[in-house]
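All of the numbers you see were taken from the coordinates with simple rules; none came from a lab. Every value quoted in this text rests on a predicted model; they were computed, and no experiment measured them. Here Cβ is always computed from backbone atoms with ideal geometry, including for glycine, and neighbour counts include all displayed protein chains.
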Amino acid sequence: MKKLILVLTGVFMFAGITRAAAPYKAGDDVSDFSLKNVNGEMVSLSQFNDAKGFIVVFACNTCPVVKKYEQRIIDLNKEFSSKGYPVVAINSNDQTVSPGDSYSDMQKTAKSKGYAFPYLYDESQEVAKRFGATNTPHVYLISKKEGQLVVEYVGAIDNNADDAAKADKKYVADAVHALLKNDQVAVTNTKAIGCGIKWKKS
Amino acid sequence: MRAPGPYIIMLLLISLVSITKVTGQKIEYFKVPELTKLLNNKDNKLLVVNFWATWCQPCIVELPNFEKVAKSYDASKVRFILVSLDFPSEINKRLLPFLKKNKITLDVAVMTDVDYNSWIDLVDPRWQGEIPATLFLNNVSNKRYFHMGKVDEPGLKKYINAFL
């Protein structure tokens, strides 16, 4: 009996690990989360009754690629939050590994850059793990379909981190525009060079 | 005694060329065709390709490991190349001064194609693009291992030794 329990525990543990390791891709259902915003309030996606979806961006304070994209993230929110697709930024970096990414640092960044969107602290890193986020910035475009949150796009904001003016493939904006027209998202996954999420040292 | 003259000069020239090749650091500028050529090379030696950038803190931390480890291997058996992913706008003001200041001697290839999505899968389909990352490759003996994240000195040696 003891042996059986051990084996079963092993199987369940393994199942848990594999599920956590399978990153979200277009078409997957998203489980909601509850994370602390820089203003101290807990935020869940279910609270946004009027939203048609979300531009979830795994970001942070320290990554130079995020800094390159910061204005573009602010602009995405400006353009799309009134149309039903607000930006929700999440910082999952461990503050011990990445000292500039503490909650108080997030508050400072949000204030100095005037973030008009939630900037959430994923202190346990559970949300990043569940999404399968690996880099910053890493975008998950989510839509609401019959009450269910569904992944529509995973990847980069556009195809030129260095120079916004030279980006000629605006993946996220194009995808949101398609959703607003009830069209299929043409490009559902892209990859980009970025900073790795700074995982806790086990 | 007349005949050896040109041969000696030729030998001298050849050795000079190979000396510059061994000691001189090569800085190349890559786009997708050059990267593809590197990844498809048929040299029978182990290629260690580190993907990094000066803006990437963990990359800077691990860079000395590559410099150090490279010295303990025969250059005819293992070739190191540092593929820089610095932003094109920062190559002159940041990357080149960094190489000089930190006395980096390994060959550097600056990947100037920022349409990352067009080439990341060529390196490894599992790679999401986070750096640092390192590819260990020998196409002749069909050996390929892609390491995502930092690698320390013993780790680097372990991967290299496993493929030699």
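The dipole here belongs to the stretch B:24-163: it is taken about the Cα centre, uses +1 on the Cβ of Lys and Arg and -1 on the Cβ of Asp and Glu, and is about 500 debye.
The Cys residues in chain A with no partner Cys Cβ within less than 4.7 Å of their Cβ are A:CYS60.
Using a simple spin-label model with pseudo-atoms 7 Å out from Cα toward Cβ, A:LEU180 and B:GLU67 lie 5.0 nm apart.
Restricting the calculation to alpha carbons of the stretch B:24-163 gives Rg and Dmax of 14.0, 40 angstrom.
Of all aspartates and glutamates in the structure, the ones whose alpha carbon falls short of 12 Å from that of A:LYS36, not counting any fewer than 8 places away in one chain, are A:ASP122, A:GLU123. Hull volume per residue, based on the alpha-carbon atoms of the protein assembly as shown and their convex hull, is 194 Å³. Taking Cα centre as origin and charging only the Cβ of basic (Lys, Arg, +1) and acidic (Asp, Glu, -1) residues, the dipole magnitude of the protein assembly as shown rounds to 1220 debye.
Other residues lying with their Cβ under 11 Å from the Cβ of B:VAL140 contribute a combined charge of +2, Lys and Arg counting +1, Asp and Glu -1.
Rounded to the nearest Hz, the phi-derived 3J(HN,Hα) couplings of the stretch A:100-112 under the Karplus curve 6.51 cos²θ - 1.76 cosθ + 1.60 (θ = phi - 60°) are x, 10, 6, 4, 5, 5, 4, 4, 5, 4, 4, 6, 5, where x marks glycine and proline. At q = 0.10 Å⁻¹, what is the log10 ratio I(q)/I(0) for the stretch A:30-138, with the Debye formula run over Cα points and no solvent? The Cα Debye sum returns log10 ratios of -0.25.
Cross-link check: pairs A:LYS108/A:LYS166; A:LYS113/A:LYS170; A:LYS78/A:LYS145 evaluated at a Cα-Cα cut-off of 26 Å; pairs beyond the cut-off: A:LYS108/A:LYS166. Have a look at B:ILE120, A:ALA178, A:SER92 and report the one farthest towards the positive end of the charge dipole of the protein assembly as shown, computed about the Cα centre with Cβ charges (Lys/Arg +1, Asp/Glu -1). The residue sitting most towards the positive pole is B:ILE120. The amide H of B:ALA109, built 1.01 Å from its N in the peptide plane, has B:GLU28, B:LEU82, B:VAL83, B:SER84 as neighbours under 5 Å, considering only residues 5 or more places off or on other chains. Kindly identify the stretch B:98-164 as rounded, prolate or oblate by the Cα gyration tensor criterion: order the square roots of the eigenvalues as a ≥ b ≥ c, call it rounded if a/c is under 1.5, otherwise compare a/b with b/c, prolate if a/b is larger, else oblate. Oblate is the answer for the stretch B:98-164, as a/c is 1.5 or above yet b/c matches or exceeds a/b. Partner shielding of B:45-55 amounts to 1, given as the average count of beta-carbon atoms from other chains within 10 Å of each residue beta-carbon. Taking all Cα pairs closer than 8 Å and separated by 6 or more residues, the relative contact order of the stretch B:64-164 comes to 26 percent.
By the rule of a C-alpha distance below 16 Å, with chain neighbours fewer than 8 residues away ignored, the lysines paired with A:LYS169 are A:LYS191. Ignoring lysines fewer than eight residues from B:LYS26 along the same chain, the ones with Cα atoms less than 21 angstrom from its Cα are B:LYS37, B:LYS42, B:LYS45, B:LYS68, B:LYS71, B:LYS77, B:LYS93, B:LYS100, B:LYS101, B:LYS103.
Annotation: peptides A:48-59, A:73-84, ranked by per-residue average of other Cβ atoms within 10 Å with the highest first, follow the order A:48-59, A:73-84. The mean sequence separation of alpha-carbon pairs under 8 Å and at least six residues apart, normalised by the residue count of the stretch B:50-117, gives a relative contact order of 39 percent. Peptide A:190-202 has a mean of 6 when you count, residue by residue, the C-beta atoms of other protein chains within 10 Å of its C-beta.
Averaged over the residues of peptide B:128-141, the number of Cβ atoms from other protein chains lying within 10 Å of each residue's Cβ is 3. Taking the average, over residues, of other Cβ atoms within 10 Å as the packing measure, peptides A:115-123, B:138-146 rank A:115-123, B:138-146 from highest down. Only Cα pairs under 8 Å and 6+ residues apart enter the sum, and on that basis the relative contact order of the stretch A:23-196 stands at 28 percent.
The charge dipole of the stretch A:23-196, taken about its Cα centre with unit charges on the Cβ of Lys, Arg, Asp and Glu (plus for the first two, minus for the last two), comes to roughly 280 debye.
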